[in-house]
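See structure below.
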Amino acid sequence: MRGVCKTTSLVATMDTVGPKIKNNYFDGLKVSKQHLFLFIIVAASYFFEQFDGSNFAFVAPAFMASMNVGPNVLAQINSAYFLGMTLGGLFGGIISDIIGRRKALLMSVFIFSIGSIINGLVTSIPLFIIARGVTGFGVFCMMIVSVAYMAEMSPKESRGKWEGLISGIGFLSIPLVGIVCRMIIPIHAEAWRYIFYLGGLGIIAGILGILYLKESPRWLVSKNRIPEAEEVVFKLSGVPVDLSDSIPAKAEKMQLGKVIAEMFTPIYIRRTLVLLVASCGTVICAQVIAVWVPTLLKLNGFSMEDTLTLATIFAIGMPLGQFGAAYFSDKGGRKIPIVGFSIVAAIVTIGFLFVGKNFLLMALTGLLINAFLVGRSFIIHPYIAESYPTKLRNTVVGLINSVSRFSIMAIQLIIPLLYAGYGITGVYGMVATISLIVAVVVGVFGWRSAKKSLEDINEKLA
């Protein structure tokens, strides 16, 4: 009864504010304080998602020494993590299309936070592998849901900017992980476990989300819950809107087979193929560098302290890349920034191979590599979300990103062999080559999508 009265009161308030704007979500509206606070909650979720996703890369050398294991076990753990990410991306997208973006996002935050705590508690390798897989599931489930959520909750004029800023704030956790590891891990042989316990603090972001996070009005409209969608827009913007003429998703349930079939219809097949190449290439490059750098440095003769210091400096490039992406993402229709970031990433990656063991030059080039690789990733994220209609969006985002995570899962087992045969030159040479392939494919076959409403890009096209 209290909820009904509250809704009735809100409707009455909307009616007194003025005439409703037809068929508008947040496009053309200013981001209010309430809207900004919602973005901050998503940013906090990103922060702990990246903390839990990146901490094992920093912990790995100490973990290997503590548990008396070699690079092959490390590869198995990383493969399990990326398998979890693959499943999280696939099922996260499907679940969020069924129960809503908000509930799916909150569920994923609690999964990866609890998974991180379990990582710190277990004492056997098989259980650690399973716990790392659970963490990967939650981490990427949250990533997939938040990409679609941010695309649907942001004004068309600044969609890329908000995606870049929020993810940039989240990526600040990665150099913080390095700093914390540099302080804590040397304390004693088992101190690496404390890093995983800290990752469990993501539960706080989940609690804030329960209290304040709003559902996506586009998802509500897709379920024909138009009055609720109008309420969300009004609560966040203070502007009454009329969404009665918005194009809803079909009432039928979009089964996975139907979604895959529609991805490869004449309307979307070019987009699907280009995005698969761009996403897989980008993820392989970024994750190979992020996951293996501390271990490769240690294998190359650097001390534990120098390894953690360099890895921390490299990680600073990640949020810098995000903020750079926030500035460039909405320019050139996404296509041009993706090509530009890819070419520069390839050049800097090749340059890393010529600096030898000069500490300062390694720190600078490593930082730049991460900046351009991670920045490119978060220009591609909104690019994927923009390229499909609401009824497909989250499931397709999950599918494409799941395929990309499956590709890096397979690559994990190749890295030790590549390093054994060609050293660090082989690993970084592979990253540079893949970046150039992404640049060519997107440059030749890509399209422009920035600063257009999602409806103009998709539903009206269909």
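The values are calculated or read from the model by the stated rules, or taken from the named source; none is laboratory data. Note that the structure is predicted; figures quoted are calculated from it, not measured. Counting neighbours? That spans all protein chains shown, and the Cβs are built from the backbone with ideal geometry, glycine included. These area figures cover heavy atoms from the full protein model, side chains too; ligands, DNA and RNA do not enter into them. Shrake-Rupley method; radii C 1.70, N 1.55, O 1.52, S 1.80 Å.
Points worth noting:
- Cβ crowding within 10 Å averaged over residues, with 233-244, 144-155 ranked highest first: 144-155, 233-244
- In degrees, nearest ten, helix 390-412 long axis to first principal axis of the chain (Cα): 0 degrees
- Counted charge near Gly324, where neighbours are those whose Cβ lies closer than 15 Å (Asp, Glu -1; Lys, Arg +1): +2
- In this structure region 158-237 gives 38 Å² per residue of accessible area when probed at 1.4 Å with all protein chains present.
- Summed side-chain charge close to Ser303 - residues other than Ser303 whose Cβ falls under 13 Å, Lys, Arg +1, Asp, Glu -1: +1
- Relative contact order (percent, whole number), the chain, Cα cutoff 8 Å, 6+ residue spacing: 26 percent
- Only protein heavy atoms count here; on that basis, with a 1.4 Å probe, Glu228 has an accessible area of about 80 Å².
- For the chain, the dipole from Cβ point charges (+1 on Lys and Arg, -1 on Asp and Glu) about the Cα centre works out to 560 debye, to the nearest 20.
- Unsatisfied cross-links (Cα-Cα over 20 Å) in the set Lys298/Lys357; Lys30/Lys214; Lys103/Lys391; Lys214/Lys331: Lys214/Lys331
- Pair-distance profile P(r), taking every C-alpha pair of the chain, with 10 angstrom steps and integer %: 4, 22, 32, 24, 12, 5, 1, 0
- Judged by the ratio a/c of the largest to the smallest principal axis of the C-alpha gyration tensor, region 277-396 counts as prolate, that ratio being 1.5 or greater while a/b is larger than b/c.
- Pairwise centroid distance, computed over Cα atoms, of region 351-412 with region 107-181, Å: 15 Å
- Helix 159-171 and the long axis of the chain differ in direction by around 40°, with both axes built from C-alpha atoms.
- Protection proxy ranking, highest mean first, for peptides 122-128, 374-380: 374-380, 122-128, where packing is the per-residue count of other beta-carbon atoms within 10 Å, averaged.
- Over the chain, dividing the summed -39,500 (n - 2.57) contributions of all DSSP H runs of at least 4 residues by the number of residues returns a 222 nm mean residue ellipticity of -26500 deg cm²/dmol.
- Sum of side-chain charges, Leu208 neighbourhood, beta-carbon under 13 Å (Lys, Arg +1; Asp, Glu -1): +2
- Acute angle (nearest 10 degrees) that the helix 202-212 long axis makes with the longest principal axis of the chain, alpha-carbon atoms: 10 degrees
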